[in-house]
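A short reminder: the numbers here are calculations on the coordinates, not readings from a lab. The structure presented is a predicted model; accordingly, all values stated were derived computationally and were not measured. Positions of Cβ are generated from backbone atoms using ideal geometry, with glycine treated the same way; all protein chains shown enter the neighbour counts.
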Amino acid sequence: MSLGVQSESAAADVELLHAVARGDEAALARLYDAYRVILFGLLIRILNSREEAEDILQDVFVQVWRRAKDFDEKRGRPFTWLVTLARSRAIDRLRLLGARQRLVTGAAQEKTEAVSDALTDTIRQAQKETVRRALAELPDEQKQTLMLAYFEGLTQSEIAAKLNAPLGTVKTRMRSGLIKLRALLGSQLENFG
């Protein structure tokens, strides 16, 4: 019994779609009244947004108005065709919203990175200048051992060999230089975080 009612309903819907294809606005209104609630529920589940679902539901029925002549009852029921249209439109909207969100997020991230890079470069330059000024205040022997160790990557033994100085002397110069640098830079580098 239920199957017969379903068949009668499908046949009536086919007739409504044929009438819509001929430009019958009243047929479109009846089709809308018959399916708007179920399609709206589907769209809300897909989109998670009442506003987007309302917008897509309207688009679906505009598409039905324009493409009713494309409906082929041999390929499926009107309900299935309407659900397919609604689902396709909803997925298209999700893709569009996702692309917009990725674009906005990407642009914001690029802007933040550019600002962050500029800030980082400024801080590094200020730190370099501060360290350069402090190094200039060290005695040449201390400055030379620290430069060889930190900028050329030499070990204390390699520095001793390069300077032709005893290892103990190199160690003392480095330790004394680091203590003086720490005193000179202490409060200044804290400002840089």
Completion exercise
Computed curve, segment 28-74, Cα-only Debye sum without solvent term, log₁₀ I(q)/I(0) at 0.28 Å⁻¹, is -1.03
Practice task
Rank by packing, highest mean first: peptides 70-77, 89-96, with packing defined as the count of other Cβ atoms within 10 Å averaged across residues.
Solution key: 89-96, 70-77
Fill in the blank from the handout: At R0 = 22 Å the Cβ-Cβ FRET efficiency linking L96 and R67, nearest 0.05, sits at 0.60
Handout entry: Positive minus negative residues near P78 (Lys, Arg vs Asp, Glu; Cβ under 10 Å)
Key = -2
Handout entry: Packing-based order for 54-60, 157-163, using average beta carbon neighbours within 10 Å, highest first
Key = 54-60, 157-163
